[in-house]
Amino acid sequence: MKHSRLLPLLLLALLFTVTSCEKDDPDVNEEELITTLTYTLSPVGGGADVVMTFRDLDGDGGDAPVITGGTLDAGVQYNGAITLLNEAESPAENITEEVEGEDLEHQFFYETSVAGLTVAYADMDADGNPTGLATTVSATTVGSGTLKVTLRHEPNKSGEGVADGNITNAGGETDIEVTFDVNVE
Amino acid sequence: MLSFSLTGIIAQDCNITVKGTVTDEVTGVPLEVVNLYLEESPDVGTMTDESGAFEISGLCPGHYHLVLSHIGCETQLIHLTIEEDTQLELTMDHSSHVLDNVVVVGSSDAASTTQSQSISNLKILESGSENLSNILEGLSGVNTLKNGNGIAKPVVHGLYGNRITILNNGIAQSGQQWGNDHSPEIDPLVANSLKVIKGVGSLEYPGSNLGSVILVEPKKIGKEPHLHGRVNYFFESNGWGNGVNVQLQQYTPAIAWKINGTLKKSGDRKTPDYYLNNTGSQEGNIALQLEKSFSEKWFSELYFSSFNTELGVLRGGHISNLTDLELAFERDVPYFTEDKFSYAIDAPKQRVSHQLLKLNSKYFIKPDQHLQFTFAGQVNNRKEFDIRRSGRSEIPALSLLQFTYFLEGKYQAELSNDIGIRTGLQFNMIDNTNNPETGILPLIPDYFAYESGAYLLMTKKKNDWLFELGGRYDNILQNAVTVSSGANPEILRYNNIYHNFSASTGIRYQASENLDIAYNIGYASRNPAVNELYSGGLHQGVSGIEEGDPDLSAEYSLKTTFSLNGKIKEKLFFESLFYYQRFSDYIFLNPTGETRLTIRGAFPVFQYEQTDATIFGLDLMGRYQFSEVVGLKMIYSFIKGKDIENDIALINMPANNLTAELGFAFPKPIPAGKRKLENINIEITDKYVFRQNNFEIDQDFLPPPAAYNLLGMKLAADMQFKNIRTHYFISIENMLNTRYREYLNRQRYYADDLGINIRLGVNFRF
C-alpha cells in the first residue's frame, strides 16, 4: 500500500483529539445583568422614604425574584428616584450610570392601577425629553393596586404622548419591566 | 454528465468528418435538435436529426472543443483531438433535468431503494444569490425553517436541525445545527448538484440517521487540458443585491485543479408595503479542489472551502419579553421600520465563518474493489450580536467556536453474483467552546463529543430486482460542562455514553421500462444532543427561556417509504413517495405554558421533553408533455405530524403545498443579429401554500397565517460568442406583490414576507 504518506497526517489528527479530555471550567460571570431595581420615594416635606425593590440576584433562572411594594400617604408629594444595581458582582455595580450615560436611548414608564396616583417626569435628556430616572409622585385618594415600571431601550421618544409618559407609541425594547403592589393610606 | 468513445477510421488532411449520435444518458432515447458547434469556429456546427445523429465535415486535424447544447440541459463542452474521421457516441443528461430528478425510470444507476431528488447545476446558477435552503425548497417534501429570508435551514419530511445530515463534499457539516435560526454554512454555487436522499438508506453517513440526507456535491474535474471557467453575475431588485461567482479549472497530468469564489451583498429586503430594516447580508466564499492520480490505482483529492457571512436580523423582530411580543403582534408594520433603504448591517446580526479541509485518497485493489481514506477538519465560528447597552452591541451575545475532526476508512466492492458491499469505520470528534468575550452565561455548554461508527451495507441485484440491507452502530461519548443557575453558580460536569443502532432494508422492482416500485424500511436511534440535555437560559432568537433536561434518553424512529415512479408513452411522467415515520421518545421543545418573571418582565418557558410521535406524508410530482414545446409540471406535498402520546399536533410541521409549472421550451435557435439565441426557455410557476390547520393554539404565540398563492416566471436563453458561451436569465418572484406570511418563517410574528423580486443573471463559460 502506498499510503505511507498519509499516515503521519492521520496520526497527527488523532493526536489532536486525545490531547485534552475535559473542557476547562467556563466563565461564570454575567456582566450585563441587572439584579436589582430600587424605586425610592422621598416625601417632599421630609419624613421616611418609601422604598420599593425588585431583586433577583441569580438572574433569569434559578430562584424567584423578591419583590417589595410600598405604602404611600394620600395628599403627600414624593420625589422618586430609580437605582439599578448588579449585585451579583462584588462590590455591586451601579447600572443607573449606564442608563444616565445613554439617556437619549432610554426612558422609564410608570403605569398604575391606583386611582389618583400620578407619576410625572422630573428629568430631561439633551433633547429635552424625559428619561424618567427622577420623578415626582403624588397620591390623592386612598386605595390600592399596582405600579408597573418599564425601561425601554431605543424608544421613539418623539412618538405621540411618549414624552408625557404614555408607553403606547414608544416601541423599542424592554430592558426592565417590574410590577409593585402599592397601597395609598 | 457526458461520455463518448472514439473510433478511428481513415486519416485525411482538412477533410475529416466527425459523425455521431447523441442519446439521453439515462433512458438511451436519441435526442433530437441538439446543437453542436466547434468552439474554435462557431460557424462550423450542426444539429441532430430525429435519430439523434449528426455530422460535421471539412475539419483539419487538431484540437477542438465541441459544444453541445440542448434545451433543458446544461451546455456541455468536450475536448477532442482529431486526426482522422471519427465516430462519436455522446450522451446528455436530458430526462433527469426535465424531471428535476435523478431517479428516473430505466435509470441504470438506481443502486438504492431510497428515493432521492436533485437540483441541477443550471438551476443552482439560475437561483443567483439564494442560500442553500431556499434553493432546496424547490423539491417536493422539502421546506425551510426561516428567520427572515437570509436565515434559513432545510426541513425534509418535517425534520430539521439535529435530525438532518448535510454532507458538504462527503463531509457531515458540523456547526451549531441545533439552532432554529442557524443556516447551514455552505455556498450552493460551489456545488454542481444538490441532492436530497429521503428515507433511511443513508447509513454510510455519520450523523443522525433517522432523517434525510442532503448532499452538496462539487463535480470531479474533467480531463480537459485547457484552462476553462465560468463567471456568473446576478442582480436582485429586492434588496438591491449583487453577486459574482468565478470558477476556473484545468487538468494537467501532474494535477487537476479547480477554484471557485463567490461574493454577494444585498441590502434591506422589502415586503409589498415597507422595508424590512436591517435585513441585509453579505457573503464571501472560496473553495479549492485539487485532484491527483498517483497511479492507475491511486487517486487523491484535497478540498478546502471557506464560507464567511454576515446576516442582519430584522430590527423590529428583536423582541425582549412577552409584553413586547404581544405589542409587536398587534402592529401592521414592525417597530423601527424606516422608509429608507440601506446596505448597513447593525445589531441584531449574525457573523458566521466556516472552514473545511478534506483530504481523500482512493486506492483500487481491483477495478471493482476499492479502499478510501478520508480526513476532514472543520472550524465553525458563530457570533450573534444583540442590541445591548453601553456600546456592548459590538460585543457578541453568543460566540461559539467549534472544531471538528473526522477520520474515515471505507471499503467498497462489487462481488460476483451482483452483490455489492460497502463498509467503513468512522471517527468524529467535536470540540465546542463558548468564547468568554460575551459576558453572558452561555445558552449551550462547552463540550467534547467523540463519535465512533461502523457500518455495513449490502446490495444484491437479480434480474429486475434490487435488494438492500444495511446496519450501523455508533458509540457516542459526551463530556459537557455547565454552570448551574441559582445564587451560587456551581460548575457541573457530565459524562455520557450512548449506543446508537440503525438498520435498514429495502427492495426495488423494475416492473417494466415504464414503471419502477421501491419500498424501504429503516430503524434508527439518536442520542440526545448537548443542547437538548443542557440548554439553559434566555434564547433571544426565540424570545423564550429554554431549558434542557439532563435525563433525556435516546429517541428511536422507524421510517418506511414507498415510491412509485413511471411514465406513460413518453408524455406523462410521474413520481410518488409515501412515507410514514413513528418515533418513540421523540425529543422536542415543549412550550410549558408557564412564564418566568425576570427583571426584564415575564418570558415563556420552553422545556426539552420526550413523547411518542408520528409523521406521515406524501410527495407527488407529475409532468405532462403536451408537445415538444409545452409541458406542465405539478408538485404536491402533504405532511402531517402528531404527538400520539398526548393526541395533539406536532409544532413546526410544514403546511401542505401545490405547485404548477407551465414550461415552454423552444429547441430551435432564433436568429438575433449575427448570432443566435438558443435554448429559449420560459417557465410560469404558481405555488399555493395551504394554511397549516393541524396545530395547537397553546403551542405557539400566534395561530398559523392564512393560505397564500405566489406567481412567478422565468425566461432563459443561451448565446454563443466566439469562444464564450453565454447564458442569460430573468426571473420574477412574487409577481403580483402578494402580501403573505409563511408559517415556518419566524419573522411572520412581526412582518410580512418578501414582495416582488426581479432577478437577472448572466453566465459566461469559456
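The values are calculated or read from the model by the stated rules, or taken from the named source; none is laboratory data. Not measured: the values here are computed from a predicted model. Reconstructed Cβ throughout: ideal geometry from the backbone, glycine too, with neighbour counts over all protein chains shown.
Do the conditions hold for B:Leu538, that is, is it farther than 24 Å from B:Val156 by Cα, out of contact with any Asp or Glu (no Cβ under 8 Å at 6 or more places or on another chain) and either in contact (Cβ under 8 Å) with a residue 24 or more places away in the chain or among the hydrophobic types (A, V, I, L, M, F, W, C) (or both)?
So B:Leu538 does not fit the description; no.
Any residue that is β-branched (Val, Ile, Thr), away from chain A (no Cβ under 13 Å) and under 28 Å from B:Asp474 (Cβ atoms) - is there at least one of those in segment B:409-419?
yes
Within segment B:617-662, work out how many residues are among the hydroxyl-bearing types (Ser, Thr, Tyr) and free of Cβ contacts under 8 Å to residues at least 12 places away in the same chain.
Residues that pass the stated criteria total 1.
Look through A:Val149, A:Val178, A:Val142 and report the one residue that is among the hydrophobic types (A, V, I, L, M, F, W, C) and under 19 Å from A:Ala120 (Cβ atoms).
Within the list A:Val149, A:Val178, A:Val142, the selection yields A:Val149.
Got a number for residues in segment B:260-283 being surrounded by 17 or more Cβ atoms within 10 Å (Cβ to Cβ) and either outside any loop (DSSP other than H, G, I, E, B) or within 14 Å of chain A (Cβ to nearest Cβ) (or both)?
Qualifying residue count for the region: 15.
Would you pick out the residues in segment B:541-554 that are of a type outside the set (Gly, Ala, Ser) and in contact (Cβ under 8 Å) with a residue 60 or more places away in the chain?
Scanning segment B:541-554 gives B:Val542, B:Ile545, B:Glu546, B:Glu547, B:Asp549.
Let me spell it out: the conditions are (1) at pLDDT 90 or above; (2) part of a loop (DSSP other than H, G, I, E, B); (3) closer than 26 Å to B:Gly391 by Cα, and A:Gly61 meets all of them except one. Which number is the exception?
Against the list (1) at pLDDT 90 or above; (2) part of a loop (DSSP other than H, G, I, E, B); (3) closer than 26 Å to B:Gly391 by Cα, A:Gly61 comes up short only on (1).
Could you please find all residues in segment A:70-82 being surrounded by fewer than 16 Cβ atoms within 10 Å (Cβ to Cβ), of a type in the set (Gly, Ala, Ser) and either at negative phi or part of a strand (DSSP E or B) (or both)?
A:Ala74
Looking at B:Tyr708, B:Tyr740, B:Tyr750, which is the one that is farther than 30 Å from B:Asn681 by Cα and hydroxyl-bearing (Ser, Thr, Tyr)?
B:Tyr750
How many residues are closer than 17 Å to B:Lys220 by Cβ and modelled with pLDDT of 90 or more when one looks only at segment B:170-196?
Count: 1.
Can you name every residue in segment B:644-670 that is part of a loop (DSSP other than H, G, I, E, B) and within 30 Å of B:Thr611 (Cα to Cα)?
B:Ile644, B:Glu645, B:Asn646, B:Asp647, B:Leu650, B:Ile651, B:Asn652, B:Met653, B:Pro654, B:Ala655, B:Asn656 - these are the residues of segment B:644-670 that are part of a loop (DSSP other than H, G, I, E, B) and within 30 Å of B:Thr611 (Cα to Cα).
Considering only segment B:364-386, state which residues are facing another protein chain (nearest Cβ under 10 Å), farther than 17 Å from B:Gly170 by Cα and not in a loop (DSSP other than H, G, I, E, B).
B:Ile365
Could you tell me whether B:Ile135 is outside any strand (DSSP E or B), at pLDDT 90 or above and β-branched (Val, Ile, Thr)?
yes
Of all the residues that make up segment B:291-306, how many are hydrophobic (A, V, I, L, M, F, W, C) and either at pLDDT 95 or above or not assigned by TED's automatic domain parsing to the domain that holds B:Pro253 (or both)?
Number satisfying all stated conditions: 2.
Every residue, every condition in (1) under 30 Å from B:Glu546 (Cα atoms); (2) assigned to a strand (DSSP E or B); (3) touching a residue at least 60 places away in the same chain (Cβ under 8 Å); (4) not aromatic (Phe, Trp, Tyr), yes or no:
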| residue | (1), (2), (3), (4) |
| --- | --- |
| B:Asn285 | no, yes, yes, yes |
| B:Leu288 | no, yes, no, yes |
| B:Lys292 | no, yes, no, yes |
| B:Pro334 | yes, no, yes, yes |
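If you go through segment B:712-766 one residue at a time, how many are hydroxyl-bearing (Ser, Thr, Tyr) and part of a strand (DSSP E or B)?
Selection size over segment B:712-766: 3.
I'd like the full set of residues that are part of a helix (DSSP H, G or I) and over 30 Å from A:Leu33 (Cα atoms), limited to segment B:387-421.
Across segment B:387-421, the qualifying residues are B:Ser416, B:Asn417, B:Asp418.
Which of the residues belonging to segment B:321-346 are closer than 13 Å to B:Thr279 by Cα, of a type in the set (A, V, I, L, M, F, W, C) and within 11 Å of another protein chain (Cβ to nearest Cβ)?
Listed by number, the list holds a single entry, B:Phe336.
I'd like to check something: does segment B:704-714 contain any residue that is without any contact (Cβ under 8 Å) to a residue 24 or more places away in the chain and over 26 Å from the mean Cα position of the chain (by Cα)?
no
With the checklist (1) farther than 29 Å from B:Gly755 by Cα; (2) in contact with a strand residue (DSSP E or B) (Cβ under 7 Å, 6 or more places away or on another chain) in hand, flag the one item B:Phe307 doesn't pass.
Only one criterion in (1) farther than 29 Å from B:Gly755 by Cα; (2) in contact with a strand residue (DSSP E or B) (Cβ under 7 Å, 6 or more places away or on another chain) is unmet by B:Phe307, namely (1).
Does B:Glu451 meet the test of being touching an Asp or Glu at 6+ places or on another chain (Cβ under 7 Å), in a strand (DSSP E or B), closer than 28 Å to B:Glu204 by Cα and charged (D, E, K, R)?
Yes; evaluated as a whole, the condition is true for this residue.
Please verify whether B:Ile568 is surrounded by fewer than 19 Cβ atoms within 10 Å (Cβ to Cβ) and either in the same structural domain as B:Phe701 (by TED's automatic domain parsing) or touching a residue at least 40 places away in the same chain (Cβ under 8 Å) (or both), treating the condition exactly as stated.
yes
Taking the options B:Asn432, B:Asn463, name whichever one is in contact with a helix residue (DSSP H, G or I) (Cβ under 9 Å, 6 or more places away or on another chain) and either within 14 Å of chain A (Cβ to nearest Cβ) or without any contact (Cβ under 8 Å) to a residue 60 or more places away in the chain (or both).
Answer to the check: B:Asn432.
Here is a yes/no grid of residues against (1) buried (at least 17 other Cβ atoms within 10 Å of the Cβ); (2) at positive phi:
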residue: A:Gly47; (1), (2): no, yes
residue: A:Leu84; (1), (2): yes, no
residue: A:Phe108; (1), (2): yes, no
residue: A:Ala115; (1), (2): no, no
residue: A:Ala120; (1), (2): no, no
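If B:Arg389 satisfies all but one of (1) out of contact with any helix residue (DSSP H, G or I) (no Cβ under 7 Å at 6 or more places or on another chain); (2) within 12 Å of chain A (Cβ to nearest Cβ); (3) without any contact (Cβ under 8 Å) to a residue 24 or more places away in the chain, what's the number of the condition it fails?
So the condition that B:Arg389 fails would be (1).
Do we find a residue being within 14 Å of another protein chain (Cβ to nearest Cβ) and either in contact (Cβ under 8 Å) with a residue 60 or more places away in the chain or part of a loop (DSSP other than H, G, I, E, B) (or both) anywhere in segment B:585-595?
yes
Provide a single number: the residues in segment A:128-171 that are in contact (Cβ under 8 Å) with a residue 24 or more places away in the chain, among the small types (Gly, Ala, Ser) and either within 14 Å of chain B (Cβ to nearest Cβ) or not in a loop (DSSP other than H, G, I, E, B) (or both).
Number satisfying all stated conditions: 9.
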